[in-house]
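Every number in this text was worked out from the coordinates using simple rules, so none of it is lab data. Everything numeric in this text was worked out from a predicted model, so none of it was measured. Here the Cβ positions follow ideal geometry from the backbone for every residue, glycine too, while neighbour counts run over all protein chains shown.
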Amino acid sequence: MQFDRYLLAQLMRTTLSVAVTLIGIVWLFQTIRILEIVVNRGAPITDFFVMSVTVVPLWLTIALPISAFVAVTWVFQRALADRELLVMQASGRSSFQLARAPLALGAIVTLFLILNSVVFLPLSFGIYKDVQFRLRTTIPSVMLQDNVFIDVVNGMTMLIGKKLESGLAQDVFIHDERNEGKIITMTAKVGKFVEKDSKPVVILRDGQRVELDPNGDSGATLSFESHTVSIVPKGKQQSARMPIDMNEDSISNLLDPSKSPSANYFNQRRAEGHYRIVSPFLSLLLILIATCSVLLGQIRRDTWSRRTLINVGGAVLAISLLVSSRSLATTTPSAVPLLYLSMTLPSFIFTCLLAFPQLGRLLSTSLRVRRVA
């Protein structure tokens with residue numbers, strides 16, 4: 001038991017270290033675009049942190065299984081180099097007894113990923129989409145830059161002289177072609193960007209509005225002290241976010257045809273729902289592959305290279321089976337059971353090989369007999 005606790009502690013530390021490294025690398029590349037909005041275009045820094053953190057549960061679905069696999073491979077390699085595994089095997093421990101620590105790690109990671117898939121992922125991704133939607137609906141105040149023409153929506157171009165705090169801007173110019181038969185040009189000394197009825201609007205102060213016909217001839221000129229302009233695409237009456245992203249929906253909703261926004265999306269949503277159920281068990285399968293590649297048969301240092309190649313190949317094959325089954329289930333609903341078989345069947349086989357090592361010996365003996373024949 002003391003060796004199991006020692007081994008489990010090593011596995012846990014290594015898994016966390018690798019997971020933090022992988023997530024850090026992905027975070028660095030994925031958040032550059034968000035950081036550019038904050039640094040160059042004035043979005044709140046709090047939105048940057050919220051959007052950076054709330055996508056982490058999505059990355060964990062693949063980062064944690066890979067981290068656990070790397071941890072088992074690395075810790076077992078070090079234990080083999082230090083002859084710890086050789087001593088434990090020589091003392092009479094079976095392969096299944098030596099595998100107790102990796103299996104405990106697999107159970108811990110799998111349970112966490114189930115909780116992540118059911119609770120953390122839809123909750124956090126919903127927050128991410130809310131912030132993303134808010135940034136998009138406030139695009140004039142976020143995306144506009146000083147003395148740069150920006151097509152804020154289809155048919156509307158805007159220019160500001162200087163962006164101030166609290167959504168204010170100086171020297172605002174707007175060219176509006178959203179209304180058929182009219183070309184409207186507006187200038188104002190000051191503009192304030194606000195949100196009204198879930199729509200971004202700009203309140204112009206002390207300006208002029210010029211309305212032209214399609215030929216460019218002047219139709220009407222109006223000077224105003226205050227004028228409100230809605231900043232939405234042509235024909236769009238309101239701006240409301242629909243929860244259509246599958247990552248922010250619950251598993252029960254994904255599997256319910258009545259909750260699908262359209263019948264055309266149901267097969268894809270159903271495949272995603274079953275994938276969310278099955279994917280947490282990928283970590284357990286990868287750990288079983290890494291454990292069997294080391295513990296099955298006699299533990300010898302001279303076979304480590306060959307076993308490592310088999311180990312990595314088995315892991316790549318397991319991930320490929322899961323991804324391929326998910327893709328097939330999206331187009332062919334009858335292929336949904338393959339998602340479950342891709343995880344449960346290999347896990348059952350590897351568990352049996354650890355619990356009953358004589359099965360592995362019988363299999364290797366039969367293969368040698370066939371080669372000789």
What is the distance, in nm, between label points placed 7 Å from the Cα along the Cα-to-Cβ direction at Phe49 and at Tyr265? 3.2 nm
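Over 24 Å between Cα atoms, which of Lys129/Lys182; Lys163/Lys196; Lys199/Lys259; Lys163/Lys189; Lys163/Lys199; Lys162/Lys182 qualify?
On the way: Lys129/Lys182 36 Å; Lys163/Lys196 20 Å; Lys199/Lys259 26 Å; Lys163/Lys189 12 Å; Lys163/Lys199 20 Å; Lys162/Lys182 28 Å.
Going by Cα-Cα distance, Lys129/Lys182; Lys199/Lys259; Lys162/Lys182 fall outside the 24 Å limit.
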Rounded to whole angstrom, the alpha-carbon centroid of segment 274-350 lies from that of segment 81-110 at a distance of 19 Å
Residue separation times 0.36 nm, minus the C-alpha to C-alpha distance between Arg306 and Phe348: what's the value? 12.8 nm
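For Met12, Met186, what's the fewest-to-most ordering of other Cβ within 10 Å of each Cβ?
Numbers: Met12 18, Met186 22.
Lowest count first: Met12, Met186.
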Estimate the FRET efficiency between Phe96 and Thr21 by the formula 1/(1 + (r/R0)^6), using the beta-carbon distance for r and 45 Å for R0, to the nearest 0.05. 0.90
Lys/Arg +1, Asp/Glu -1 at C-beta; segment 155-230 dipole; positive extreme among Ile184, Ser230, Val210: Ser230
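Grab the Cα-Cα distance for Phe224 and Ser252, subtract it from 0.36 nm times how many residues apart they are, and report the gain in nm with one decimal.
4.7 nm
Can you classify segment 155-230 as rounded, prolate or oblate using the Cα gyration tensor, where a ≥ b ≥ c are the square roots of its eigenvalues, rounded means a/c under 1.5, and otherwise it's prolate if a/b beats b/c and oblate if not? Provide the component values of the computation, followed by the final result.
Details: a/c = 2.06, a/b = 1.59, b/c = 1.29.
Verdict is prolate for segment 155-230.
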